[in-house]
Every structure is written in C-alpha cells, then in structure tokens.
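Since the structure comes first, as structure tokens, the remarks are kept for the end.
The values are calculated or read from the model by the stated rules, or taken from the named source; none is laboratory data. Quantities reported herein were computed from a predicted structural model and do not represent experimental measurements. So basically every Cβ, Gly included, is an ideal-geometry build from the backbone, and we count neighbours across all protein chains shown. These accessible areas exclude ligands, DNA and RNA; they are computed on the full protein's heavy atoms, side chains included. Shrake-Rupley method; radii C 1.70, N 1.55, O 1.52, S 1.80 Å.
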Amino acid sequence: MIGRLELVDLRPTEEALAEELAAVERVLRSGVVLRGQEARTLEQTLEGVVGVGALAVGSGTDALSLALAAVGVGPGDEVVVPAMTAPATAAAVLALGAVPVPVDVRADVPLLDPGAVRRAATERTAAVVAVHLYGAVADLGELAEVAGHLGVPLVEDVAQALGATTAAGRPAGSVGRAAALSFYPTKHAGAAGDAGAVLSRDPAVLDRLRAWADGIAAGRADPSAALVRPSRIDEVQAALVDLRVRRLPAALAHRRALVDRYRSGLGAVLPPVAHGGGGAPHLLVVAVDDPGRLGRSLDRIGIGHGRHYPSTLGELPLLAGLAGLPDAPNARRWARSVLSLPLHERMGSDEVDRVVAAVLASLDDPGSGGSPSLR
C-alpha cells in the first residue's frame with residue numbers, strides 16, 4: 001500500500017541529522033544558550049547570502065515588527081501591505097499600534113500591485129511592505145519607486161523567499177531599507193522551533209535594534225524600545241538554522257527541479273503559480289474553481305495539500321472594525337482559488353508524478369469540482 005504523501009516533511013536526511021545532532025551537542029556542551037557565537041555565526045552566514053547586515057531574532061513575526069519599528073513606524077501610522085498574505089504580516093503591524101492597510105495584488109501573480117499602493121496611500125502612510133509570496137519576488141523596482149515618491153521606507157517580507165533574486169539579480173531582502181526573514185519550520189531553512197532575522201543595508205537600522213536589545217537587557221529606559229518586546233534567537237536554533245542556510249543552494253536546486261516537473265506534468269491544464277526566473281520555490285500553488293472539493297478528492301487518495309491563503313487580510317477577524325479598507329478583487333479571486341500541493345526536499349520525481357496524476361484525474365472527474373481557474 002502506498003503511504004500518504006504529506007504537504008511538507010520536516011524530517012532531515014540521515015546525513016543532515018548527524019550534522020545537526022553534533023551542532024546541538026556543541027551548544028549544550030558550551031553552556032551558552034543565548035546571545036552567543038552561534039547567533040553571530042548565523043548572522044555572518046546570512047550576510048554572505050543576502051549581502052546586507054543581519055540580526056537574528058526569535059521569530060519571523062518579531063522580525064517584521066522590529067524592522068518596521070526600526071524604520072520609524074509607530075502607533076497610529078498606516079502600513080501598506082498586500083491583501084494576499086499570511087495573517088502574520090498584519091499581526092506584525094498591529095503589534096506596533098500601527099494600522100495595516102491591505103491593498104490589492106496583481107491579476108497574473110499574487111504579489112503587491114504598485115498601482116494599488118499609489119491609490120491607497122494617505123498622509124498617514126509610514127511604510128510599504130512587499131511580501132515575496134510562495135518564493136516569488138515582488139516588483140521591487142517599481143515598489144521602491146512608489147515608496148520613494150511617497151517618502152516612506154520599503155520593507156521586504158522575505159519569509160518565503162530566502163535565496164531568491166530580483167529581476168535585476170539582487171538578493172531578495174537587499175533592496176528595501178529593511179527586511180524580515182522567518183525560520184519557521186516549514187520555511188526553506190526552517191528551525192526546529194521558531195526563529196527569524198532582520199536584514200538591512202542601513203547599519204543604523206540594525207544598530208538601533210541592537211541598542212534596544214542591549215538597553216532592555218541592562219535595564220536602561222529607552223522610550224523608543226517600548227514599541228517592541230525583546231526578541232532573540234536561542235543558540236540551538238541558531239546552530240541548526242546556520243547549517244540549513246548553508247545547505248540552501250542544494251535545497252533550492254532540488255525544489256526548482258521538482259517545480260519544473262510539476263509544470264511539465266500539469267502543462268497548460270493547470271499551470272502552477274509562477275515563481276519567476278529568480279524565485280526560490282517555497283510553495284507549489286495552483287488555482288482552481290473549487291479548491292475545497294479538489295482537496296477532499298486528494299485526501300481520499302492520500303495526497304496532502306493546504307490553502308495559502310483562503311481569505312484576504314481584509315476579511316479576517318484580525319482586522320475587524322477597520323473602516324474604509326481598499327477593495328482587493330484580485331486578492332479575493334486568488335484567495336478563493338489557491339491550493340498548495342506537496343513540495344519539499346524529501347520528494348522525488350516519482351512522487352511529483354503521483355501528485356500530478358492524482359490532480360489530473362480529479363480534474364477529469366465532474367464531481368470533483370476541480371476545474372482549472374482561468375485568469
């Protein structure tokens with residue numbers, strides 16, 4: 001009997017497991033569990049990958065809140081975010097007492113629409129957050145131009161796109177004034193728990209964050225630090241994430257090969273959402289008319305799946321009570337149609353073929369409700 005194929009599989013290979021257990025033992029034997037050499041090593045590794053400074057913190061949501069606070073966002077400010085993203089994007093803004101303003105995404109790919117940003121901006125707009133969804137990179141050139149015209153910083157959410165590059169060949173996370181990384185376990189270089197990092201090409205941003213952390217640790221009062229809570233990565237997670245970041249090129253090459261096989265198998269019938277030439281595939285997403293029914297069909301034959309994300313930000317209870325949110329018709333269409341299929345480093349080409357065959361068979365079944373969603 002063929003076993004169930006899960007959406008993600010977080011088990012390391014035997015070779016990776018041996019290396020990671022040795023790293024954990026090294027940390028435990030050192031007796032240093034916070035603010036030690038492992039965190040500094042991870043920050044240096046990230047700087048080598050992205051080309052800008054890095055500060056390791058406790059989670060991706062913390063990283064985004066800290067990045068926004070460090071570029072000047074505070075209570076009552078408005079922060080433009082895409083309407084199609086994880087709820088954590090809005091939660092990071094709300095944590096500062098600021099107001100997330102979810103605006104529409106593009107019709108061809110669920111990434112922030114620069115035109116929608118222009119239309120939504122007000123005198124209270126304090127920052128624009130570009131989310132690189134599914135591993136596809138937003139149009140940072142045009143978004144940076146819009147943010148510059150508005151006189152506000154562009155902040156990148158790189159939670160799903162570590163290792164990706166822009167159309168101009170720059171690493172995702174190196175274009176905005178600051179950026180946030182997540183090492184949530186399902187991410188490209190996930191921790192065995194939670195962790196994140198703030199990135200910035202502006203040394204003043206990271207210096208400000210380090211000063212806040214040092215001041216809090218020393219008990220010194222700093223009014224600006226009241227906006228944020230202490231957040232730091234522990235040494236075990238730092239050691240594990242560092243190993244996984246170092247293995248990222250091989251992991252991404254494997255993921256890209258799997259995406260190519262998916263695209264070849266699904267063909268013109270149900271092409272996956274594009275990651276772009278410089279993308280770093282994090283999720284393999286298709287758009288169908290009734291993703292719920294197609295998902296149930298896949299469940300019956302042991303194929304895991306997910307929804308990223310079934311509601312726009314403006315439809316979430318998280319933002320209930322906010323008046324005058326911009327309309328986001330493209331984001332609504334995406335939210336109603338997306339379905340994520342299995343994609344992880346333990347998959348082989350035969351497992352991709354199994355998923356493709358199951359999806360195509362479901363589409364041929366009139367009762368599946370899984371007809372392609374044409375855009």
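Descriptive notes on the structure:
- Between residue 6 and residue 107, the simple spin-label model (points 7 angstrom out along Cα→Cβ) gives 4.0 nm.
- Average Cα contact separation per residue, the chain, under 8 Å, 6 or more apart, as relative contact order %: 23 percent
- Rounded to the nearest 0.05, the FRET efficiency derived from the C-beta distance between residue 14 and residue 307 at R0 = 35 Å is 0.60.
- Helix-only mean residue ellipticity at 222 nm for the chain, each DSSP H run of n ≥ 4 adding -39500 (n - 2.57), per residue, nearest 500: -12500 deg cm²/dmol
- Modelled spin labels at residue 269 and residue 29, positioned 7 Å past Cα toward Cβ, are 5.5 nm from each other.
- Residues with amide H under 5 Å from that of residue 85, placed H, sequence gap 5 or more: 313
- Extension gain, residue 246 back to residue 289 (0.36 nm per residue minus Cα-Cα distance, nm): 11.5 nm
- nm² value of the averaged projected area, convex hull over the Cα atoms of the chain: 19.0 nm²
- For residue 365 and residue 44, the difference between the fully extended length at 0.36 nm per residue and the C-alpha to C-alpha distance is 110.4 nm.
- Convex hull of alpha carbon positions in segment 299-359: directionally averaged projected area 5.9 nm².
- Accessible-area composition of segment 1-158, carbon plus sulfur, in percent [1.4 Å probe]: 55 percent
- The distance between label points at residue 229 and residue 357 comes to 4.9 nm (points 7 Å beyond Cα on the Cα→Cβ vector).
- Contour minus Cα-Cα distance for residue 149 and residue 210 (0.36 nm per residue): 19.0 nm
- Relative to one another, the C-alpha centroids of segment 19-63 and segment 151-202 are positioned 16 Å apart.
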